[in-house]
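Input: a single structure, listed below in structure tokens.
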């Protein structure tokens, strides 16, 4: 769960270390020893290849060692929102088989507005897992690993969260228990404040035994092992939901500490240890270049522009499944509203034209509505809504996917007034309207409903 924070720390310290070493070496006119990546010793695959083209060769740089390409250290150039699924992996006793996620956080960053949000998903959330049906959300990673799903557990977890929230996930990062412990210990622990006593005599150790965890109300200094227990225990009134909030508290406490100026010398010294722990304990599809640039972007986002949210009991309710599992059933409407606050870009206003409805009717466009969500009957209900506004709906159906994040309009001819009026009444950004030269025999305009679409509440 600290994967992005670890990446930011490594980025800063590695850049400082690299530049310092290069400058000192240049001043002394001597050749420093080459830095070589160590082989991965366990847990996950070696995620960053030193043969990556972003690392310039000795021949190219004219020296006797490899050096980071200057292109790697450029700020993030993208303008679109970037979203990362961060997973804490429940890996114990040097297990090698399939395992579960112990925590899930969806992090999103807006590179234009320099803002970020973190949404924590409780592990007992009862959700639809593609191909495998309804289950707890922490089973997605396990199923993907156990049944050789294309891309493994991380890919299935990403698809599950995308379908549940209706937002695209650009990257993932999975970190095991030891990665959290190593990181917190390297920064000499964190300070947290708990608002209730924690009494957990059956807290699980790392090998399916028990080791009690106790913490009184108040402020505490926690080392890596204690911080992990604080983030994982469920021995409070809110159970899994409370735990998700504590995980965010740990992340922010670590962030605040590592970004303090007095940590800079220590970070430079500890860069090799951080890199080794990262290689051994973190699995991600971020490239070296993307990680460095996203880390530089994250450093520029002020604390007051970071919003932290948990899918808590305002968004779920307790339920027992037929086979006796205690689960949290989502309230989809309230979760969708929260999702829109955190992830949806501001709506782009469309021009209001007084006679647009009449101009739409004169075009006589035949419209088909396809449901690109998992909401049963949404296309039919939308058909009724649009027909009441005068649109000519000639068919409804299902789209090729039930995970469209946003609603799309495709014009198979030239029907600008129809598409403009659709965008106006459905709140669709103009950028979501596209045009095709292909002609369809039975319709002129296709509307694909995305997870951002909600039927307006009827006015009494």
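A few notes on this one:
- Calculated FRET value between residue 303 and residue 381, using beta carbons and R₀ = 41 Å, to 0.05: 0.45
- Rg and Dmax of the range 93-189, Cα atoms only, in Å: 14.9, 44
- Linear extension gain, residue 194 paired with residue 146, 0.36 nm per residue minus alpha-carbon span: 13.5 nm
- Segment residue 326-residue 132, length gained on full extension (0.36 nm per residue, minus Cα span): 68.0 nm
- Whole-number D in µm²/s for the range 356-449 (Stokes-Einstein; Kirkwood sum over Cα pairs; 25 °C, 0.890 mPa s): 187
- Ellipsoid fit via the Cα gyration tensor, the range 72-343: semi-axes of 27, 24, 20 Å, each the root of five times an eigenvalue, largest first.
- Between residue 216 and residue 401, full extension at 0.36 nm per residue minus the direct alpha carbon distance yields a gain of 61.7 nm.
- Extent along principal axes [Cα atoms of the range 170-240; Å; largest to smallest]: 35, 27, 26
- Cα-based convex hull, the range 281-323, per residue volume (Å³, whole number): 167
- In this structure, residue 441 and residue 374 have a Cβ-Cβ separation that, at R0 = 45 Å, corresponds to a calculated FRET efficiency of about 0.95.
- Shown is the FRET efficiency for residue 394 and residue 202, computed with R0 = 51 Å from the Cβ-Cβ distance and rounded to the nearest 0.05: 0.25.
- Between the alpha-carbon centres of the range 292-335 and the range 369-401 there is a gap of 30 Å.
Throughout, read-outs are computed from the coordinates displayed, never taken from laboratory work. A quick note: this is a predicted structure, and the numbers were derived from the prediction, not measured. A quick note on method: Cβ atoms are made from the backbone with ideal geometry, for glycine too, and the neighbour counts reach across all protein chains shown.
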